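**Student:** Here it is, the structure in full.
Bear in mind these aren't lab numbers, they're just calculated from the coordinates by the rules spelled out. Predicted, not measured: the structure shown is a model, and the values here were computed from it. Reconstructed Cβ throughout: ideal geometry from the backbone, glycine too, with neighbour counts over all protein chains shown.
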Amino acid sequence: MIKLNARNILLVLLTFKFATCLGQGKEKADIDTIKNQVYTQPLILKQSTTFPQIHTNLSGMVREFVRTMYQDKKGNYWFGTNGNGIIRYDGQALENISIEGHLPCNVVREIVEDKAGHLWFGTDSGLIKYDGVNFTTYSEKDGLQDDEIWGLTIDKSGLIWVGSSGGISYFDGKKFTPFLLPDIKVENSKPMLSDKLVFKFLEDKNGTMWYATDGNGIFKYKNGEFTHITTKNGLTDNNVFDILEDNQGNIWIGTFNGGVSKYDGKTYSNFTKDGIIEGTETYNFSEDRQGNIWFSAEGYGVYRYDGANFTQFTTKDGLTTNVVQSIFEDNKGQLWFSTWQGISIYDGLKFMNAKDKEPWTN
């Protein structure tokens, strides 16, 4: 079993960003270094993938892993990979997208769709827009704070929020405008990547914006006023990696070291601290059409919360590995789980290799 923690995940992510595009000798040396540091299972370098693949790796197109998944309004499936750029299935063919000016080894971390049906991709080398015909790339020269993008969302007014290593920007369709958070730091702040980075954005039902930061808790913003949430007033960890509002208005918060919490508007409940779930590194929140909340707990598989109880699913239940990178529900109601060792699907009854449910992924 591969065992990783959050810091090692980021090490692997950033190392592969440079290693994948280099020559084979340099790449193997970097992989061996990482293997010795964070793995308990040898890597099979003779295969077409870096990690041993148990479930589908999209016809061998994914060498490392799928980082994010999305299905657009037209029904096309999009896969953002760690090192193999963008992969699309349009109902006819599975293809790796070639974008002028972008290397085929780009890391794609976020995919969102605007009201006009345009797709936006947050990558390690800028923001990419797809209008259905053409791809347009935006970078620092266009006004981004930094090209290394981790967070991306579109608010109700249509503004596109970008969280990069250099700070936050928002795009109104014409220009990027820097957005500065208050210059307030928690004691002994320990960012993993950058003290200016926002991993996730959320606009809640009341129009309040939430910014989940790298080591500095959460900032809330509405009507020109900020509120800072830290371990002193609700959080169990200031390294926040994911945030979600469910259809009941509860805010779910996933952290690197403090597990998962739920905020009902008055109080914070921390299910990890209370011993209800295992795993301190929690993220990848997703709400399915039945209103169940799904999330991953690093090394402990995934959990489903039905409003009353948590159910844990692991490799014993058919999940390919207990290290999950992203979760999304398609328009058939199937849940997709991308992992270090391929993609699994949950059809409401059981977990299986995605290719057994969707043969085009084979």
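**Student:** Note down the nm distance, to one decimal, between modelled labels 7 Å out along Cα→Cβ at LYS74 and at SER269.
**Tutor:** If labels sit at LYS74 and SER269, their model points lie 4.3 nm apart.
**Student:** Still on this structure, I have one more. What is the distance, in nm, between label points placed 7 Å from the Cα along the Cα-to-Cβ direction at THR227 and at SER98?
**Tutor:** Inter-label distance under the simple model: 5.2 nm.
**Student:** For region 170-250, how big is Rg over Rh, using alpha carbon atoms and the Kirkwood form of Rh?
**Tutor:** Computed over Cα atoms, the ratio is 0.97.
**Student:** Could you calculate the contour length gain from LEU181 to THR208, that is, 0.36 nm times the residue separation minus the distance between their Cα atoms, to one decimal place in nm?
**Tutor:** Gain on stretching LEU181 to THR208: 8.3 nm.
**Student:** For the chain, what is the relative contact order in percent, using Cα pairs closer than 8 Å and at least 6 residues apart in sequence?
**Tutor:** So the answer I get is 12 percent.
**Student:** Once the other residues with Cβ under 14 Å from the Cβ of GLY75 are scored (Lys, Arg +1; Asp, Glu -1), what is the net sum?
**Tutor:** Every neighbour counted, the sum reads -2.
**Student:** Taking other Cβ within 10 Å of each residue's Cβ, how do SER98, SER269 sort, fewest first?
**Tutor:** SER98, SER269
**Student:** Take every Cα pair under 8 Å in region 74-160 that's 6+ residues apart, average their separations, divide by the length, and report that relative contact order as a whole percent.
**Tutor:** This gives 20 percent for region 74-160.
**Student:** Then there's this: Is the chain rounded, prolate or oblate when judged by the Cα gyration tensor, a ≥ b ≥ c being the square roots of its eigenvalues, rounded requiring a/c under 1.5 and prolate requiring a/b larger than b/c?
**Tutor:** Rounded shape, in that the Cα axes give a/c under 1.5.
**Student:** With labels modelled as points extended 7 Å from the Cα through the Cβ direction, what inter-label distance (nm, one decimal) is found for SER189 paired with MET352?
**Tutor:** If labels sit at SER189 and MET352, their model points lie 4.9 nm apart.
**Student:** Figure the gain on full extension for THR136 and THR314 (residue separation times 0.36 nm, minus the Cα-Cα span) and round it to one decimal in nm.
**Tutor:** So the chain would gain 60.1 nm between THR136 and THR314.
**Student:** Moving to a separate point now. Once every DSSP H run of n ≥ 4 in the chain is given -39500 (n - 2.57) and the sum is divided by its residues, what mean residue ellipticity at 222 nm do you get, rounded to the nearest 500 deg cm²/dmol?
**Tutor:** My calculation for the chain gives -3000 deg cm²/dmol from helical runs alone.
**Student:** Taking Rh as the Kirkwood radius computed over C-alpha pairs, what is the Stokes-Einstein D of region 141-217 at 25 °C in a medium of viscosity 0.890 mPa s, expressed in µm² per second?
**Tutor:** Rounded to a whole number, D works out at 192 µm²/s.
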